[in-house]
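Take a look at the structure below.
The values are calculated or read from the model by the stated rules, or taken from the named source; none is laboratory data. Predicted model, so just to flag it, every value in this text is computed and none were measured. Backbone-built Cβ (ideal geometry, glycine too); neighbour counts: all protein chains shown. Only protein heavy atoms, including side chains, enter the accessible area calculation; ligands, DNA and RNA are left aside. Shrake-Rupley method; radii C 1.70, N 1.55, O 1.52, S 1.80 Å.
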Amino acid sequence: MNPLSFVRVGLSAGIDQANDKPTEWGQGASGYGTRFANILGQYSIQRTVTYGLGSALHEDNRYFNSGRQGFWPRTGYALSSGILARHDDVSRHFSISQVGGVAAGAFLARTWLPPSQSSAGDAAVSFGITMASNMGFSVVKEFLPDLGRALAKKHNKPATGSGNTAPHSVIGSAKKDPEMP
């Protein structure tokens with residue numbers, strides 16, 4: 001798992017903590033820790049199944065920037081990347097491994113969740129939220145490089161003017177002094 005994965009898990013646990021979901025786990029550090037472990041477990045199952053199926057089916061679920069121009073074409077590409085995978089011939093098809101991995105994480109987690117969260121309907125909701133989250137993060141991955149470039153360009157932008165910060169009297173006197181190199 002990369003550091004961003006732990007951030008995602010932490011944020012998801014925080015949202016569940018704020019919503020007191022499931023209520024059986026209570027609040028405080030113990031409740032948050034249990035929620036964090038739950039989401040980390042679901043994510044670990046999801047990634048393991050996705051990787052295993054992806055390897056067997058020759059599906060590459062990594063995100064590749066679209067290279068397209070325009071907000072809507074890039075957004076559409078990013079959203080579709082949540083359910084499509086690249087194959088060996090670089091074509092994109094429905095990702096059995098990605099969808100199967102998310103489903104495995106959502107449904108297998110029901111085995112350790114309390115009764116208030118253990119139904120198939122709860123698993124379906126978890127599946128839907130995770131798929132939507134994956135699509136949302138794909139949109140972030142598509143546009144984040146642009147934001148980084150814009151910030152770097154703004155940071156590296158030279159100050160306006162001649163570029164010489166010496167007072168005019170010093171510049172003028174320097175030009176008149178033949179001893180100055």
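Any idea what the relative contact order of the chain is, in percent, if you count C-alpha pairs under 8 Å spaced at least 6 apart?
Dividing the mean separation by the residue count of the chain yields 20 percent.
In nanometres, what is the gap between the two model label sites at Arg110 and Asp89, each 7 Å from Cα along Cα-to-Cβ?
Simple spin-label model gives 3.8 nm for this pair.
Add +1 for every Lys or Arg and -1 for every Asp or Glu among the other residues with Cβ under 14 Å from the Cβ of Gly67, and state the total. Each step should come with its number before you reach the end.
Working: positive: Arg68, Arg74, Arg86, Arg92, Lys141; negative: Glu142, Asp146.
Net charge in that neighbourhood comes out at +3.
Taking a spot 7 Å from the Cα of Asp146 along the direction of its beta carbon, which residues of segment 53-91 have an amide N less than 15 Å from it?
Output list for this probe position: 65-79.
What number, rounded to the nearest 500 deg cm²/dmol, is the helix-based mean residue ellipticity at 222 nm of the chain, given -39500 (n - 2.57) per DSSP H run of at least four residues and division by all its residues? If you can, show how the numbers build up before the last one.
Working: 6 runs with 114 residues, N = 181.
Estimated from H runs of four or more residues: -21500 deg cm²/dmol.
Please identify the DSSP H helices in the chain that span no less than 15 Å along the helix axis (Cα) and have a mean Kyte-Doolittle hydropathy of -1.0 or more.
Helices meeting the span and hydropathy rule in the chain are 3-18, 28-57, 96-108, 120-155.
How many Å² of accessible area per residue for segment 1-79, probe 1.4 Å?
59 Å²
Determine the share of segment 92-158's accessible area contributed by carbon and sulfur atoms, expressed in whole percent, with a 1.4 angstrom probe.
Answer for segment 92-158: carbon and sulfur cover 72 percent of the accessible area.
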